[in-house]
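The block underneath contains the structure these notes are about, expressed in structure tokens.
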Amino acid sequence: MLKRNSIKKLILGLATAATFGLTANVAMAELKDELRDPYLESFKGKKVAFVPVAMGVDLTEGWADGIRSAADKYGFEFVVRDPNWSTDAGTQAITALIAEKPDIIVVHNPDVQSYARLLKKAEKAGINVIQVNMKSSYSTNVYVGADWVEMGEAGANEMVKRCGKDSGKSGKVAIIQGVLTGAASVYQIGGVMNVLEGRDDIEIVANQAADWDASKAKAITQTVLQQHPDLCAVFGFWDSMTLGVGAAVKEAGKLDQVAILTNGGGNQMACDNVKSGIFDKVWSYDVPGQARDMVDMIKVIFQSNSKPGDMRVALYTPLKVISMENFDPTDCWSMKK
């Protein structure tokens, strides 16, 4: 049996522990996340506008969905002004938005020059501008997108690996660009030439623009195959366009001979065409990841009350490689999912 003194000590210890626990619970109850309320408040009354090259494309639909989901969650306004492949309509849309003064304009530039003066004008009007995947020659607060020089170098190195010295192949390669003045072409071809210029084991037998059009890419590839039946590889600058390359190579019965290399936003089509043997390798810049990065920069701008010119930052997208060597269907996304 416990002695009377031992019982008193036990009761006192339990009382002290209970008091300490009560004090700790009160302290925890009073502890408050000082960042949460200002974070949620920062979205109130704000407006974000998106001007894509065109909607109805996996890239732009994915980006818009990511921003729209954030707008629904946090309560800021989100609007889309779709030029539908018309640079003139895009110019008019941005001009109208400058007058409306949203807090942020997200722009997908058709080329490096068309919107440059307008983006500068938007910043002078106090509007923050985020450029996505296709840069203008004028740099705004934020660029979120692919490092096109890195992309070009990756494609060129793959062509060297498959078609260059000691490969046993002809060394003949073709390059299918998009719009020649678009950032994805301007910077990507620069990356390609960083690798291929001066090499005597690789011959570029065609370097043409298909203007992001699969039918034009197919026609170009058909002509190249007629002129160079020993073609080793084609590097197309966008997977949706490069579907035309795949169709031409398949019709010629040369899928086993001609490597088809491309890049894109990583939607389900990329995985399907790698799995079916149309594409040999796709470099994905992961549209859902880019949407998250854009939303993160929107949050930073809102919370920091950033003004145009306060920063000049780039969030270059890490590339995912999709090929049969590392095939994983979860690497691709779909709007349905």
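At-a-glance table
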| quantity | calculated |
| --- | --- |
| Failed item in (1) among the hydrophobic types (A, V, I, L, M, F, W, C); (2) within 20 Å of Tyr143 (Cβ to Cβ); (3) touching a residue at least 60 places away in the same chain (Cβ under 8 Å), with Ala184 passing the rest | (3) |
| Flag for Asp65 being in contact (Cβ under 8 Å) with a residue 60 or more places away in the chain, charged (D, E, K, R) and in a helix (DSSP H, G or I) | yes |
| Test: residue in the range 14-31 that is more than 22 Å from Lys135 (Cα to Cα), modelled with pLDDT of 95 or more and either among the acidic types (Asp, Glu) or not in a helix (DSSP H, G or I) (or both) | no |
| Set Ile278, Ile301: member being over 19 Å from Gln177 (Cβ atoms), free of Cβ contacts under 8 Å to residues at least 40 places away in the same chain and β-branched (Val, Ile, Thr) | Ile278 |
| Residues (among the polar types (S, T, N, Q) and outside any helix (DSSP H, G or I)) located in the range 89-118 | Asn109, Gln113, Ser114 |
| Tabulated pairs, the range 85-106, first in contact (Cβ under 8 Å) with a residue 24 or more places away in the chain, second in a helix (DSSP H, G or I) and surrounded by fewer than 19 Cβ atoms within 10 Å (Cβ to Cβ), C-beta under 7 angstrom, 6+ apart or interchain | Ile98/Lys121 |
| Inter-residue pairs, beta-carbon under 6 Å, first assigned by TED's automatic domain parsing to the domain that holds Met297 and in the range 28-49, second among the small types (Gly, Ala, Ser), 6+ apart | Phe43/Gly75 |
| Residue within the range 134-155 that is among the charged types (D, E, K, R), within 18 Å of Ile298 (Cα to Cα) and part of a helix (DSSP H, G or I) present | no |
| Tally, over the range 70-93, of residues that are in contact with a helix residue (DSSP H, G or I) (Cβ under 8 Å, 6 or more places away or on another chain) and exposed (fewer than 15 other Cβ atoms within 10 Å of the Cβ) | 1 |
| Candidate set: the range 187-220, residues that are acidic (Asp, Glu) and touching a residue at least 12 places away in the same chain (Cβ under 8 Å); chosen: the one nearest to Met134 (Cα to Cα) | Asp211 |
| Long-range neighbours under 9 Å by Cβ, at least six apart or interchain, first residue farther than 18 Å from Gly155 by Cα within the range 318-337, second in a loop (DSSP other than H, G, I, E, B) | Asp331/Gly266; Asp331/Asp286; Cys332/Gly266; Trp333/Gly265; Trp333/Gly266; Trp333/Asp286 |
| Residue tally, condition buried (at least 17 other Cβ atoms within 10 Å of the Cβ), more than 21 Å from Gly145 (Cα to Cα) and touching a Leu at 6+ places or on another chain (Cβ under 8 Å), over the range 94-117 | 1 |
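Residues are listed down the side, and each one gets a yes or a no for (1) assigned by TED's automatic domain parsing to the domain that holds Ile278; (2) acidic (Asp, Glu); (3) crowded, with 16+ Cβ neighbours inside 10 Å; (4) outside any loop (DSSP other than H, G, I, E, B):
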site	(1), (2), (3), (4)
Gln131	no, no, yes, yes
Glu158	yes, yes, yes, yes
Arg162	yes, no, yes, yes
Val173	yes, no, yes, yes
Ile189	yes, no, yes, yes
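The values are calculated or read from the model by the stated rules, or taken from the named source; none is laboratory data. Note that this is a predicted model, so its numbers are computed, not measured. All Cβ positions, glycine included, derive from the backbone under ideal geometry; neighbour counts span all protein chains shown.
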